[in-house]
Amino acid sequence: MKLIEGTKIFKKSEIEEAAKLLQQGRLVAFPTETVYGLGANALDKAAVKSIFTAKGRPSDNPLIVHIAEQKELKSLVKRKLTEDVRELITNFWPGPLTIVLKKDDKVPAVTTGGLETIAVRMPQHPLALELIKAAQLPIAAPSANLSGKPSPTLFEHVIDDLVGKIDGVLAGGQAGIGVESTVVDLSREKPVLLRPGGVTYEELSEILGEVKIDPTVETKLVNDDQRAISPGMKYKHYSPQAEVILVEGRVEEIPIKIKELISENSDLKVGVMATNEFSDYYKGVTIKEMGSRSNLAEISTNIFKLLREFDAEGVDKIIVEGLPIKGLGLAIMNRLRKSAAYQIIEV
Ligand code: AMP
Ligand code: MG
């Protein structure tokens, strides 16, 4: 086991030691298939509190509780599982789907940001599953980054943000999906999509029938009712140091508009996050390819990593090509719009 500034770095063969830290109420970051998570015992108030401190996360932003076996869900929630819930689990667990249900009394309020509901997910990543199994605990885990920064998809991102602030990191490779889990609320009469993610809206609707989309998914307007439902939505999110501008609309117009913006900003160090199809078209700026328009899964893997790279290279302004809002595109555009703090140019 290596030590960096007081944080223990665990290899796969040292999972038992990492699990012991979790049992002692300590914080351990670990890879999942969505992004890296920062884990603590979900039933230990003090441990959960230290997650909020390490990340600088507002205390009313609830955490997702991670489990390693489907049967553990029953003990965390108040009511018998409905047919809808069981079908979702059968189809999507383990995987990037988080389900919100009424919580059991034993789940402390700190974990759920004071809400009467709990968000639960069973991740698919083998290291995440092994760690949770070894700890024999439900593990509360938000993304393992400083609050407000782009989510961590590489071990190095976790180190950059949290070394010295957390007890351990289980090292792994790149998080494959690259955006966080889909969050669906089944605690109400009708299912509501609270956050788009790795499981698409289309896939959910196939199982659940009609699924409402929470207004915060597609717009920036958040009224007080919506805050009460999913408080995470109101905070600054996924923001690099650089200013981000998102250009959305008709595909043919996007590169033309971006070229215009490049010349208007010639006094600044400009970066363009481009699709492979258009990357050759931009000149005299820092260009990073996010992937092909025909492969949204490739793009979702890359977006957070590229935002961090632009910062590391001292770019002042990042211009991002918008993508179609369907399938994984809904999750990708939701993250990009937030990164841009809704500075969107429509073409
Ligand atoms: P993060 O941990 O940063 O990936 O964010 C967790 C997301 O899940 C946030 O958008 C939260 O608002 C949402 N969430 C977690 N628990 C609940 C809950 N009980 N009810 C509604 N949304 C939740
Ligand atoms: Mg997060």
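Here, each number is a calculation from the coordinates, and none is a lab measurement. Being a predicted model, the structure only gives us computed values, none of them experimental. Cβ: placed from backbone, ideal geometry, glycine included. Neighbour counts: every protein chain shown.
I need to check one value: relative contact order of region 65-207, counting alpha carbon pairs closer than 8 Å and at least 6 residues apart, in percent. Across region 65-207, relative contact order equals 27 percent. What the phi angles of region 112-123 give under the Karplus curve with 6.51, -1.76 and 1.60, with θ = phi - 60°, is a coupling list of 9, x, x, 7, 7, 10, 10, 9, 10, 8, 10, x Hz, glycine and proline written as x. Distance check, please: which entries in K8/K49; K45/K133; K133/K326; K55/K259; K71/K212 exceed 29 angstrom between their Cα atoms? Checking Cα-Cα distances, K133/K326; K55/K259 exceed 29 Å. What nm distance separates the two modelled labels at K133 and K11, each placed 7 Å from Cα along Cα→Cβ? Label at K133, label at K11, 2.1 nm between them.
What the phi angles of region 88-93 give under the Karplus curve with 6.51, -1.76 and 1.60, with θ = phi - 60°, is a coupling list of 4, 4, 4, 7, 10, 9 Hz, glycine and proline written as x. Bridgeable lysines around K2 (alpha carbons under 22 Å apart, same-chain partners fewer than 8 residues away excluded): K11, K12, K20, K165. In the chain, the DSSP-assigned H stretches of four residues or longer account for a calculated mean residue ellipticity at 222 nm of -9000 deg cm²/dmol, using -39500 (n - 2.57) per stretch and the full residue count as denominator. Secondary structure note: in the chain, about 40% of the DSSP beta bridges are antiparallel. Relative contact order of region 1-83: 13 percent, from C-alpha pairs under 8 Å at least 6 residues apart in sequence. Peptide packing for 6-13, 128-135, 94-101, 139-146 was compared via the average number of neighbouring C-beta atoms within 10 Å per residue; ordered from the highest value, the list is 139-146, 94-101, 128-135, 6-13. Projecting the Cα atoms of N145, N334, A242 onto the dipole axis of the chain, where Lys and Arg carry +1 and Asp and Glu carry -1 at the beta carbon, places N145 farthest toward the positive end. For the chain, the longest principal axis of the alpha carbon atoms and the long axis of helix 126-135 meet at an angle near 30°.
Using C-alpha pairs under 8 Å with a sequence gap of at least 6, the mean separation divided by the residue count of region 21-139 gives a relative contact order of 34 percent. Under 16 Å of direct C-alpha separation, and excluding same-chain neighbours fewer than eight residues apart, K78 reaches these lysines: K102, K103, K106. The charge dipole of the chain, taken about its Cα centre with unit charges on the Cβ atoms of Lys, Arg (+1), Asp and Glu (-1) only, comes to about 1080 debye. Database remark: amide H of V320 closer than 5 angstrom to the amide H of I245, L246, V247, M273 (H placed geometrically; neighbours at sequence offset of 5 or more, or on other chains; Pro and chain starts carry no H). Under 5 Å from the amide H of A29 lie the amide H atoms of G39, G168, V169, L170, each residue being 5 or more positions distant or on a separate chain, with H modelled from the backbone and absent for Pro and chain starts. Placing unit charges on the Cβ atoms only, positive for Lys and Arg and negative for Asp and Glu, gives region 73-184 a dipole magnitude near 460 debye about its Cα centre. Going by alpha carbons, how many degrees (0 to 90, nearest 10) lie between the helix axis of 253-264 and the longest principal axis of the chain? Its long axis makes an angle of about 70 degrees. Candidates S13, L38, P58 compared by Cα position along the dipole of region 1-71: farthest toward the positive end lies P58, with charges placed on Cβ. The charge dipole of region 231-347, taken about its Cα centre with unit charges on the Cβ of Lys, Arg, Asp and Glu (plus for the first two, minus for the last two), comes to roughly 500 debye. In degrees, nearest 10, range 0 to 90: what is the angle between the Cα axis of helix 45-55 and the longest Cα principal axis of the chain? Taking Cα atoms only, the helix is inclined about 10 degrees. Considering only DSSP beta bridges whose two residues both sit in region 12-130, what percent are antiparallel, to the nearest 5? Taking every DSSP beta bridge with both residues in region 12-130, the antiparallel ones total about 75 percent. Panel order for Y238, Y342, Y36, by other beta carbons found within 10 Å of each beta carbon, from fewest to most: Y342, Y238, Y36. Pick out, from I132, P108, F92, the residue whose Cα sits farthest towards the positive end of the charge dipole of the chain, with +1 on the Cβ of Lys and Arg and -1 on the Cβ of Asp and Glu. Of the options given, the answer is P108.
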